[in-house]
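Inspection log for the structure reproduced underneath, given as structure tokens.
Throughout, read-outs are computed from the coordinates displayed, never taken from laboratory work. Since this is a predicted model, take the numbers as computed values, not measurements. Neighbour counts are summed over all protein chains in view; Cβ atoms, including those assigned to glycine, are modelled from backbone coordinates with ideal geometry.
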Amino acid sequence: MMNGVRKLVTSPWLALAFRLYIGGLFVFAAMYKINYAAEFATTIASYRLVPYWAVNALAVFMPWTEIICGALLILGIRVRSVCTIIVALLSVFTVAIFINLLRDAPISCGCFHTIEDPISWWTILRDVSWIAMTVHVYRFDAVLQTDQLFLGKLKRIHS
Amino acid sequence: MSNAKGNISTPDSERDTTDGHRTAAAVDRQLLHIQTLYEATRELSGAATPSAVLNAFLPIAMGPLGLTFGFGVLGRDGGLHVATLGLGAADRDPFDANARMLVDKFFPPGGTGPAISSPAVLAGQHLSHSADVPSGTSAIAVIPLDTGSHAVLGFGPKLTGEPFSDDETDLLNGLVTTLSTALKKACAEQDITERNTSLKAALAQTREAHEALDRRAFQLHTLYEATLELSAINEPGALCNAFVLTLMGTFSFSAGWIALYGPEGSEPDAVYRGPEPDRRTLLISHSGRDKVLGRFVELKDRMPQHGQSVLLEDGAARAALPLDADVAVLFTLDNDWRGAIGLFSPLSEGTMPPDMRKLLLSLVRTFMVSLGNAKHVQLIHALNSDLAARNVELQNTLDELTSARREINLLTEAREAIIGLVQGEVQRVWRASWLDVSLIILAGVILGGLFNASSPSGIDLIPRSFFEPQPEMVAAQDARTLAGSGAVILDARPVEFYNQGHLRDAVNLPSDMFGFAYSMKLADLDPAVPIIVYGRTISRNYAVDVAQKLTGLGHEKVLVLDGGLDAWEEAGYEVDS
């Protein structure tokens, strides 16, 4: 039973499912932010954590980083580096939400749209679960990777 | 002689010869004897040889003594000279045959007999019957001369038949002594003459030997000079040229040539010194080669072998050579190379003496040695050149190999570097890499910047209000005073923050909805009415944005609350929520 659970938990196919999910999630989330940079800048500003002069730049650059990471994750390219970036982004988001929850700030998450439900502890839990999935992908992902397809043979050069 | 003088001066005879006649006769005999001795001495001193002395002595001795015959044998250096006078043929012939025995009797060969050191005379009747001497011999005289020379004389009886008197015996002794002296003198003179003759002959031989030595020295000097000159030359052509000049100078010829022929097809070497220099072409032509080599064939068994040379004696053979040759030499250098040397137009007439021919052959041998050395040097030079070329090729090959090895090393290092790089990159693919992270973020920055710059809905990366002049600020106390005098207070923050808390009587005019909210709430406001705006967070300066917009719409006095809501609350003024 435990072995089965462990096998299921450590399955690369589960990691593949998480990878596709997280990747798609980031691509989806970035699509709106890219098209509405001004609104996303307002969302960032509503968190009251980013300096005044850096808000717009962050609103312009971060969605593209997210969509690149999502696309690479789906394709299985540089998975671990991408997972590192995604975990870092999600951690920043989670901390920012946590801080504003403590401030009792009346803001929405802004993860996918400008107008959303206000942030809550469920939002924290959701982001933590996404972090966990990303860590799982980092640790166990091994199938259907583009890197594996093109670079796997290079591992055998010395042998 | 001393005895005769003694007899003359004897006082006894003067006393005995009281008779004057006897005294005069004795004096006459003495005078006769002295004259005889004088005549004998004079006659014998004129004789040149011992045999002439002996021949002359017999009549001198026999006459005064009145002897019937006399004979003498002179033994000298193993030879005999026999002289007789008055002997008949019957006695002379046996005496001639027994002369050696007679001499050996008194002077035995090897000196085995009794030594006779001075002349001695034997006289007596007993001698007449001796077998060694002619019959009737009355006296015998033996005379030792010197080593190997001696004489024996014999005398027959007196004509009177009387025996010898004492005076006659003394006279005979004196004559024998005189003869001994004359023979010794003649022997000495003959020895001197013979030695002088032999000395002249030896001197002539010495002179001839000296001349021969001079010639030999000249030849050796010539040979030495030629060897010295030729040994310093390593080029066959120059060697032939120098040698033909040496031969012309040494043997007095005004022209000469040397031709050297190698294997079929090889280039001949030829040197010609003399008039008409074009004649050298005759030597290097095919016909010239055939003519010279034809002379070798003619020699048959005498054909010079390896390292040998032959003087061509036959005039017809010399005439068949390609060029004139009064003296010609054929030589064989080795199995491949043969040659000929010719000299013509001599400066002096006459044939070449044998020693000069030997010198010529010696010079040719020296020339062949030098020529062989020159050929070897030429071969060594060719081999060295070939070796140098091969060394260059080998060096080039080594350089190429070194270069190739260096390239291989570089390629190996490059391969290792590439493999290491690929391995590193491959390893990087399977782990989190700061480089990948940086590249992804950089790609996001670049794409985001490009898209924002090209998009119609793009925004300023840094808010425009950051660069515009800041509106007039007002402290909380002054703001409250102004509010009390009719100034309008605007809250520029989003409505959610306004609802959480705001200044009493403040109107919410969010920056994001400025146009809509202004038209709804402040469209009718007199521009001269002072307006106080507040609302600032770390991320947005809403108050400044709204104040700049109001100023832009023509409001004359737009003030920003310094410190915002926090300063108002710290001042203890009222806040509605």
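Observations, loosely collected:
- Derived scalar couplings ³J(HN,Hα) [region B:149-156; Karplus, 6.51 cos²θ - 1.76 cosθ + 1.60; whole Hz; x for Gly, Pro]: 10, 6, 9, 10, 10, x, 10, x
- Between region B:476-527 and region B:400-458, the Cα center-to-center distance that results, in Å: 56 Å
- Ordered from longest to shortest, the equivalent ellipsoid semi-axes for region B:22-63 are 26, 9, 4 Å, each the square root of 5 times a Cα gyration tensor eigenvalue.
- Value of Rg to Rh for chain A (Rh from inverse mean 1/r over Cα pairs, i.e. Kirkwood): 1.05
- Along chain B, longest interval not containing exposed chymotrypsin sites (Phe, Trp or Tyr not before Pro), exposed being DSSP loop plus at most 16 other Cβ atoms within 10 Å: B:1-466
- Per-residue 3J(HN,Hα) values for region B:99-107, derived from phi via the Karplus relation 6.51 cos²θ - 1.76 cosθ + 1.60 with θ = phi - 60°, read 4, 4, 4, 5, 5, 5, 5, 8, 10 Hz in sequence order (x marks Gly and Pro).
- Hydrodynamic radius by Kirkwood, which averages 1/r over all alpha carbon pairs of region B:229-373, in angstrom: 15.0 Å
- Under 14 Å from the B:Phe466 label point (7 Å along Cα→beta-carbon), backbone N, region B:502-545: B:538-541
- With each label modelled as a point 7 angstrom along the Cα→C-beta vector, the A:Arg103-B:Met303 pair spans 12.8 nm.
- Filtered GluC sites (Glu not before Pro), region B:180-271: DSSP coil and at most 15 other beta carbons within 10 Å: B:Glu264
- Taking the three principal axes of the alpha carbon atoms in region B:139-259, the coordinate ranges are 104, 23, 15 Å, sorted in descending order.
- Size of charge dipole - chain B - debye, nearest 20, with Cβ of Lys, Arg +1 and Asp, Glu -1, no other charges: 2020 debye
- Between the helical axis of B:166-231 and the longest alpha-carbon principal axis of chain B there is an angle of about 20 degrees.
- For the pair B:Ala388 and B:Leu410 in one chain, pulling the backbone fully straight at 0.36 nm per residue adds 4.8 nm over the alpha carbon distance.
- Part-to-part distance (alpha-carbon centres) for region A:58-132 and region B:528-555, which is given in Å: 33 Å
- Extension gain for B:Thr351-B:Arg504 works out to 38.9 nm (0.36 nm per residue, less the C-alpha to C-alpha distance).
- R0 of 30 Å, Cβ-Cβ distance B:Val27-B:Thr181: FRET efficiency to nearest 0.05: 0.70
- Cα-based equivalent ellipsoid of the protein assembly as shown: semi-axis lengths in Å, sorted from largest, via gyration tensor: 174, 34, 29
- The simple spin-label model puts a point 7 Å past each Cα toward its Cβ; for B:Gln125 and A:Tyr32 those points are separated by 20.8 nm.
- Whole-number Å³ per residue for the convex hull built on Cα positions in region B:434-571: 148 Å³
- The 3J(HN,Hα) values that the Karplus relation (6.51, -1.76, 1.60; θ = phi - 60°) gives for region B:408-417 are, in residue order, 4, 4, 5, 5, 5, 5, 5, 4, 4, 5 Hz. Gly and Pro appear as x.
- Each Cα pair of region B:396-503 feeds into the Kirkwood radius, which the Stokes-Einstein equation turns, at 37 °C and 0.692 mPa s, into a diffusion coefficient of 149 µm²/s.
- Helix axis angle, B:50-65 relative to chain B longest principal axis, alpha carbon, degrees: 20 degrees
- Euclidean distance between Cα centres, region B:20-54 to region A:1-36, Å: 183 Å
- Take the convex hull of the alpha carbons in region B:92-198; its mean projected area over all directions comes to 8.1 nm².
- Kirkwood radius, region B:439-493, all distinct C-alpha pairs, inverse of mean reciprocal distance: 15.3 Å.
- Rounded to 10°, Cα long-axis angle of helix A:121-140 versus longest principal axis of chain A: 20 degrees
- Using the Cβ-Cβ distance between B:Leu203 and B:Leu361 with R0 set to 35 Å, the FRET efficiency works out to roughly 0.60.
- Selected from A:Phe40, A:Ala105, A:Ile86, residue furthest toward positive end of dipole (region A:14-145; charges at beta carbon): A:Ile86
- At an R0 of 56 angstrom, the distance between the Cβ atoms of B:Ile538 and B:Asp399 translates into a FRET efficiency of 0.15.
- Report summary: the helix-based calculation at 222 nm, which adds -39500 (n - 2.57) for every DSSP H run with n ≥ 4 and divides by the residues of chain B, gives -19000 deg cm²/dmol.
- Using all pairs of distinct alpha-carbon atoms, the Kirkwood hydrodynamic radius of region B:2-194 works out to 17.3 angstrom.
- Across the alpha-carbon set of chain B, the Rg to Rh ratio works out to 1.91, Rh being the Kirkwood radius.
- Over region B:464-576, relative contact order from alpha-carbon pairs under 8 Å, at least 6 apart, %: 35 percent
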